[in-house]
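Please treat every number below as a calculation from the coordinates, not as lab data. These numbers were taken from a predicted model, which means no experiment stands behind them. Note that we place each Cβ from the backbone using ideal geometry, even for glycine, and neighbour counts take in every protein chain shown.
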Amino acid sequence: MVEKLPLIAIIDDDMIYQFMLSRIINDNKLAENIISFSEGEQAFQYLSENKINSENIPDVIFLDVNMPIMDGWMFIEAFAHLKTQIQKKIVIFMLSSSIDPVDIEKAYKISEISSYFIKPIKLKEVKRIFKDYKTFL
């Protein structure tokens, strides 16, 4: 049985991909609510403004690597400084169309990133993330 999580965030500048991932999550009843951001700076600002309100903090973030203004790497760097002020553990999954071993290795060396998935993420991978959510905490 997969536990439905209260809040998921998708940070991706590809609106079609945001829609597709939201649809997978909604169709499989994996989350109560989904919030989406088209770039990292918007998401970081949201987390900064809501850091003391755990209800508004996502349980899981799906983070794209390549975005304008603040990409996934920059977001993670900024988030690393903010996370100590957030009362809730956020599980972050990095998503990218990059199969470059350098990107994958870099992601796995960053403690804030729980796993790296190559886009498009498959339904079975999304279900496994939600099924195994507590092991990532």
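Is there a quick way to get the dipole size of the stretch 17-66? I mean about its Cα centre, with the Cβ of Lys and Arg at +1 and of Asp and Glu at -1; what is the value in debye to the nearest 20?
120 debye
How many percent of DSSP beta bridges within the chain run antiparallel, rounded to 5?
0 percent
Go ahead and run the numbers for FRET between SER98 and GLN45, Cβ-Cβ distance against an R0 of 25 Å, rounding to 0.05.
0.45
Given a cut-off of 26 Å, name the pairs among LYS51/LYS122; LYS4/LYS106; LYS51/LYS119; LYS29/LYS109; LYS29/LYS83; LYS89/LYS109 whose C-alpha atoms lie farther apart than that in the structure shown.
Details: LYS51/LYS122 31 Å; LYS4/LYS106 30 Å; LYS51/LYS119 29 Å; LYS29/LYS109 32 Å; LYS29/LYS83 28 Å; LYS89/LYS109 18 Å.
Beyond 26 Å: LYS51/LYS122; LYS4/LYS106; LYS51/LYS119; LYS29/LYS109; LYS29/LYS83.
Please give the length that would be gained between GLU55 and SER115 if that part of the chain were fully extended, namely 0.36 nm times their separation in residues minus their C-alpha to C-alpha distance (nm, one decimal).
19.2 nm
Of ILE113, PRO68, TYR133, which is farthest towards the positive pole of the stretch 61-137's charge dipole, taken about the Cα centre with +1 and -1 on the beta-carbons of Lys, Arg and Asp, Glu respectively?
Checked the options; the winner is TYR133.
Rounded to the nearest 0.05, what FRET efficiency is calculated for GLU105 and ASN66 with R0 set to 25 Å and r the Cβ-Cβ distance?
0.90
Which peptide among 29-38, 47-56, 90-99 comes first, and what is the full order, when sorted by highest mean count of other Cβ atoms within 10 Å? Don't skip to the end; give the middle numbers.
Details: 29-38: 17.1, 47-56: 13.6, 90-99: 19.2.
Per-residue mean Cβ counts within 10 Å order the peptides as 90-99, 29-38, 47-56.
About the Cα centre of the chain, how large is the charge dipole given +1 on each Lys and Arg Cβ and -1 on each Asp and Glu Cβ? Please answer in debye to the nearest 20. Can you show the working numbers first?
Details: 16 positive and 20 negative charges, 144 e Å.
Using Cβ point charges on Lys, Arg, Asp and Glu, the chain gives about 680 debye.
Please compute the length gained on full extension between THR84 and LYS29, using 0.36 nm multiplied by the number of residues separating them and subtracting their Cα-Cα distance. Show your work: numbers first, answer last.
Values: separation 55, 0.36 × 55 = 19.80 nm, distance 3.03 nm.
So the extension gain works out to 16.8 nm.
Mind checking which of ILE16, THR84, PRO6 is farthest towards the positive end of the chain's charge dipole, using Cβ charges of +1 (Lys, Arg) and -1 (Asp, Glu) about the Cα centre?
PRO6
Taking 8 Å as the Cα distance limit and 6 or more residues as the minimum spacing, I'd like the relative contact order of the stretch 1-120 as a percentage.
Details: 196 pairs, mean separation 29.1, N = 120.
Relative CO of the stretch 1-120 lands at 24 percent.
Convert each backbone phi in the stretch 38-52 into a coupling constant with the Karplus relation 6.51 cos²θ - 1.76 cosθ + 1.60 (shift: θ = phi - 60°), then list the ³J(HN,Hα) values in order as whole Hz, x for Gly and Pro.
8, 7, x, 5, 4, 5, 4, 4, 4, 4, 4, 6, 10, 4, 8
Classify the stretch 5-132: rounded, prolate or oblate, from the alpha-carbon gyration tensor (a ≥ b ≥ c, eigenvalue square roots; a/c under 1.5 rounded; otherwise prolate if a/b is larger than b/c)?
rounded
Scan around SER98 for amide H atoms under 5 Å from its own, H built in the peptide plane at 1.01 Å from N, and keep only partners 5 or more places away or cross-chain.
Counting only residues 5 or more places away or on other chains, the set is LYS119.
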